[in-house]
Amino acid sequence: RLTDKAVEKIKFILEGQEKSLEKTYLRLGIRGRSCSGPVYSFALDEEKTENDDLLVQDGITLVNEKIFSKDLNGIV
């Protein structure tokens, strides 16, 4: 789950970039692994695919590729 502060910040960023909450997603991913574990990535994305899992919280849609779902469980 996103913290209240994270939700506020994401909405602020989207508003500043004139992006719609309904058409813009927060994409979570893993860029690789290091000796201390996964290297996480976060980005705004305007596309989702059938290979994505979705989670909606406070109007923000988080997406990630299904192959990363197990590794991302609990980090948000």
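Here, each number is a calculation from the coordinates, and none is a lab measurement. Nothing here was measured: the structure is a model prediction, and the numbers come from that model. With ideal geometry, Cβ positions are generated from the backbone for all residues, glycine too; neighbour counts draw on all protein chains shown.
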Open item on the list: Tell me which strands (runs of 3 or more DSSP E) are completely within the stretch 21-76 and hold 3 or more residues being touching a helix residue (DSSP H, G or I) at 6+ places or on another chain (Cβ under 7 Å), surrounded by 11 or more Cβ atoms within 10 Å (Cβ to Cβ) and among the aliphatic types (A, V, I, L, M), or say none if there are none.
Closed with: 25-34
TODO: Answer yes or no: is there a residue in the stretch 11-23 that is among the polar types (S, T, N, Q) and without any contact (Cβ under 8 Å) to a residue 24 or more places away in the chain.
DONE: yes
TODO: Please verify whether the stretch 2-20 includes one or more residues that are surrounded by 15 or more Cβ atoms within 10 Å (Cβ to Cβ), among the aliphatic types (A, V, I, L, M) and assigned to a loop (DSSP other than H, G, I, E, B).
DONE: yes
